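I have placed the structure first, in the form of structure tokens, so that the comments after it can refer back to it.
The values are calculated or read from the model by the stated rules, or taken from the named source; none is laboratory data. Just so you know, these numbers come straight off a predicted model, no measurement behind them. Note that we place each Cβ from the backbone using ideal geometry, even for glycine, and neighbour counts take in every protein chain shown.
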Amino acid sequence: MPNIESAIKRVRTSEKANELNNTQKSAMRTAIRKYEAAVAEGAENSETLLQAAIKSIDSVASKGLIHANKAARDKSRLAKKLNK
């Protein structure tokens, strides 16, 4: 644990940021999993789930939590699953 007051504050802020980042990345993964499960079952709402997954991927990418190329790759793979 740091001794300097500003370093102590920085630890506190980074812990809060890490918690928020992990929550958002987890929500993205959950949206992707829901979509993939719906496609596997052949559900009718798979297009709306695709839109939700793409929205969550874009949200996470815009915050810099995942790289832009990973976001594009993930969205492309999800769209390809819908077209099969």
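Things to note:
- Only a single item in (1) exposed (fewer than 10 other Cβ atoms within 10 Å of the Cβ); (2) at pLDDT below 95 is not met by N69, and it is number (2).
- For segment 48-66, filtered to residues that are of a type outside the set (A, V, I, L, M) and surrounded by 13 or more Cβ atoms within 10 Å (Cβ to Cβ), the residue that is nearest to A17 (Cα to Cα) is S59.
- Evaluation of D74 against the conditions (1) in contact (Cβ under 8 Å) with a residue 24 or more places away in the chain; (2) outside any helix (DSSP H, G or I) shows that the sole unmet condition is (2).
- Restricting N22, N18, N69, N45 to residues that are within 18 Å of K84 (Cβ to Cβ) and out of contact with any Leu (no Cβ under 8 Å at 6 or more places or on another chain) narrows the list to N45.
- Selection from segment 14-62 of residues that are touching a residue at least 40 places away in the same chain (Cβ under 8 Å) and within 11 Å of the chain's Cα centre (by Cα): N21, Q24, K25, I32
- Selection count, segment 43-64, where residues are part of a helix (DSSP H, G or I) and of a type in the set (D, E, K, R): 3
- Selection within segment 2-42 - touching a helix residue (DSSP H, G or I) at 6+ places or on another chain (Cβ under 8 Å) and either farther than 17 Å from R77 by Cα or not in a helix (DSSP H, G or I) (or both): P2, Q24, K25, A27
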